[in-house]
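A short write-up of the structure that comes next.
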Amino acid sequence: MTTQNFVTPSAEGIAAAARAAGGKGLPPVDRWNPPFCGDLDMRIARDGTWFYMGSPIGRPELVRLFSSILKKEDGAYYLVTPVEKVRITVEDAPFVATDFEAEHSGRDQILTFQTHVGDYAVAGPDHPIRVTRDVETGEPAPYIHIRADLEALIDRKSFYRLAELGAHHPQDGESWFGLWSGGVFFPMIPSADLPD
C-alpha cells in the first residue's frame with residue numbers, strides 16, 4: 001500500500017513551481033520529464049487569450065510565465081515544471097504573432113516577428129512560415145514556428161502587411177506567391193489562385 005499523497009494541479013501551484021525553477025531566459029522544459037499530473041482547466045483561445053477555469057487571465061506577467069513552461073508532446077500541450085506536467089487546451093496555436101519588422105527586400109529580406117507574450121523569431125530555416133487554407137472558405141491561416149514545436153498564428157493585420165511584401169517564385173514546378181526571409185522562400189498561395 002502506498003502512502004503517496006496526490007494533489008490536484010492548480011494554476012497557482014504550477015506558477016509557484018515555475019517561478020522557483022526560473023532563471024534567466026527560458027526554462028529548459030525540453031529536459032524536464034516529470035510525471036503527468038492530469039488536466040488543468042486552462043485554455044488558450046485562438047486569439048491568444050489565456051483562460052483559467054473559464055475566466056481570462058488578466059495578468060500579462062502570469063501569462064508570460066505560463067507561456068515559458070509550455071511544451072508540446074504527441075500533439076498535446078502541457079505546462080511543465082521540474083516536478084509536474086499538466087495538460088491544457090489550445091484551440092489553434094499557443095501564440096499569436098502580433099507584429100513584425102521587415103529589413104531589406106527581395107531574397108535578402110529579413111522578417112522578425114513578435115508574439116503577444118514577448119517572444120521574437122526571425123523567419124528562416126529555423127523558424128519557418130507556413131500557411132494553411134480553410135477547406136470550405138479558402139481563407140488562409142499563416143503561422144510561424146517560435147520554438148520547440150510551438151507556433152504562433154500570425155494576426156490578420158500583420159498578414160495583410162506581409163502580403164504587400166510578397167513575391168512570385170517558382171516552387172515544385174509551379175508559380176507561388178509567398179515571402180522571402182532569411183534566404184528562404186515561404187510559399188503562401190499558388191499564383192494561379194490569386195484574384196485578378
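The values are calculated or read from the model by the stated rules, or taken from the named source; none is laboratory data. Every value quoted in this text rests on a predicted model; they were computed, and no experiment measured them. We place every Cβ from the backbone using ideal geometry, glycine too, and count neighbours over all the protein chains shown. We work out accessible area using only protein heavy atoms, side chains counted, and drop any ligands, DNA or RNA first. Shrake-Rupley method; radii C 1.70, N 1.55, O 1.52, S 1.80 Å.
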*Mind listing which GluC sites (Glu not before Pro) in the stretch 91-140 are in a DSSP loop and have 14 or fewer other Cβ atoms within 10 Å?*
Glu91, Glu136
*Scan (1) 60, 46, 33; (2) 55, 37, 32; (3) 70, 38, 32 for the value of Cα extents along the principal axes in Å calculated from this model and give just the label.*
(3)
*Are there trypsin sites (Lys or Arg not before Pro) in the stretch 21-102 that DSSP marks as loop and that have at most 15 other Cβ atoms within 10 Å, and which are they?*
Lys24, Arg46
*Please give the contour-minus-distance gain from Arg31 to Val122: 0.36 nm per residue of separation, less the Cα-Cα distance, rounded to one decimal in nm.*
30.3 nm
*Gained length - Asp41 relative to Val135, 0.36 nm times residue gap less alpha-carbon distance*: 30.8 nm
*Relative contact order, percent, of the stretch 56-135 when contacts are C-alpha pairs under 8 Å separated by at least 6 residues?*
17 percent
*Work through the residues other than Val96 whose Cβ is under 12 Å from its Cβ and net out their charges, Lys, Arg +1 and Asp, Glu -1.*
-4
*Considering only protein heavy atoms, what per residue accessible area in square angstrom results for the stretch 80-196 with a 1.4 angstrom probe?*
53 Å²
*For every helix of n ≥ 4 consecutive DSSP H residues, a contribution of -39,500 (n - 2.57) applies; sum these over the chain, divide by its total residues, and give [θ] at 222 nm rounded to the nearest 500 deg cm²/dmol.*
-4500 deg cm²/dmol
_In whole percent, and with a 1.4 Å probe on the protein chains, what portion of the accessible area of the chain is carbon and sulfur?_
51 percent
_Between Leu62 and Glu101, what is 0.36 nm times their sequence separation minus the Cα-Cα distance? Round to one decimal in nm._
11.4 nm
_Starting from the 7 Å offset along Cα-to-Cβ, what nm value, one decimal, do you get for the label separation of Val184 and His169?_
1.1 nm
